[in-house]
Amino acid sequence: MLKTDRFQAIMSLLEVSGTVRVSDIMDKLAVSDMTVRRDLDELEKQGLLERVHGGAKLKDFYRHVELSHTEKQIMLQEEKQRIVEKANELINDGDTLFLGPGTTIELLSKIIRADSLRIVTNCLPVFEELNKHKGNRKIYLLGGELRETTQCFVGEITNKSLNDMNFHKAFFSCNALNEQKIMTSTFEEGQTQQIALNNSVERFLLIDHSKIGKKDFSVYYNLQEVTAVITDEDEQKHYEKIEKEEKYIV
């Protein structure tokens, strides 16, 4: 494995809980103790993490490089599956839905049971999954400028279309939730989701525990305006960091 690939893998492991042990990195990457310690030393010099006894922790919770849609797909799959199963229970026949970008929302699009739906999305992978099981649903993919990293459409064309649409429910995700601030990596992507959320009666934020307490570049929505956060119940109980307990479903 190339050094740059090891660095990315180590940072991905840190994304999950904020800390990682040398032994865990050795097992997952099949590398020596010396290699891991050398990599951690270099990442610490870059300001990306802080060395602690037996491992490392994130220096902060603000990623320097956004993970791609493909990279995010392999992270916390079981937790994401439980989240979308809870979300699916909130979808009823006759609903008009907005599904935002993200791997968790993509998983939701695979398991939606309700049939008589109208679904709008700006995310290409979500649209492709919905189209595999179209049934009696009406499915709309919004055009615009494609963000390669997240495979979603953003920009003026997308936003103009969304401005004229109204939804019963919006299901969306984010890169970070810190106190009341919901964040993503670019202003453009956040602006598009903001319009869809403002035009929806109910708004459901689907995030795994690794997003809670993190930070990202652009704040695009406030937790107070969300109907509920659907998350997983991890051992560290990250969901308890969500201030209003009635806001989360685990």
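Values quoted throughout were computed directly from the atomic coordinates according to the rules given, and no laboratory measurement underlies them. A quick note: this is a predicted structure, and the numbers were derived from the prediction, not measured. All Cβ positions, even for glycine, are placed from backbone atoms using ideal geometry, and neighbour counts span all protein chains on display.
Assign unit charges at the C-beta atoms only (+1 for Lys and Arg, -1 for Asp and Glu), then state the dipole size of region 120-246 relative to its Cα centre in Debye, rounded to the nearest 20.
Using only the charged Cβ atoms, the result is roughly 420 debye.
How much of the DSSP bridge set in the chain is antiparallel, in percent, rounded to the nearest 5?
Close to 45 percent.
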Placing one equal point scatterer on each C-alpha of the chain and summing with Debye, one gets log10 I(q)/I(0) at q = 0.07, 0.12 Å⁻¹ equal to -0.25, -0.70
Quick calc, region 157-225, dipole around Cα centre from Cβ unit charges on Lys, Arg (+) and Asp, Glu (-), nearest 20 debye, gives 80 debye
Computed from the beta carbon distance with a Förster radius of 25 Å, FRET efficiency for LYS57 and ARG82 to the nearest 0.05 stands at 0.45
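Rounded to the nearest 0.05, what FRET efficiency do ASN92 and ASN198 have when you use their Cβ-Cβ distance and R0 = 25 Å?
Computed FRET efficiency for ASN92 and ASN198 comes out at 0.70.
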Listing PHE98, PHE187 by rising number of other beta-carbon atoms within 10 angstrom, fewest first, gives PHE187, PHE98
Over 24 Å (Cα to Cα) among LYS28/LYS80; LYS72/LYS215; LYS160/LYS214; LYS214/LYS237 -> LYS160/LYS214
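Under a Cβ-only charge scheme (Lys and Arg +1, Asp and Glu -1), can you give me the dipole magnitude of the chain about the Cα centre, in debye to the nearest 20?
Here the size comes out at about 200 debye.
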Under the 7 Å Cα-to-Cβ spin-label approximation, ILE111 and THR35 lie apart by a distance in nanometres of 3.6 nm
Calculated from DSSP helices alone, with each H run of at least 4 adding -39500 (n - 2.57) and the total divided by the residues of the chain, [θ]222 nm to the nearest 500 comes to -10500 deg cm²/dmol
Kirkwood radius from Cα pairs of region 142-250 plugged into Stokes-Einstein at 37 °C, 0.692 mPa s, gives D in µm²/s equal to 230 µm²/s
Within the under-12-Å Cβ sphere about GLY143, not counting GLY143, Lys/Arg +1 and Asp/Glu -1 give a net charge of -1
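Kindly rank 194-202, 137-145 from highest to lowest mean number of other beta carbons found within 10 Å of each residue.
The densest-packed peptide leads the list: 194-202, 137-145.
Could you calculate the contour length gain from ASN163 to PHE187, that is, 0.36 nm times the residue separation minus the distance between their Cα atoms, to one decimal place in nm?
Taking 0.36 nm per residue and subtracting the Cα distance, the gain is 6.9 nm.
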In Å, the C-alpha Rg and Dmax of region 3-58 are 9.6, 25
For the ASP27, LEU146 Cβ pair and Förster radius 51 Å, calculated FRET efficiency rounded to 0.05 is 0.85
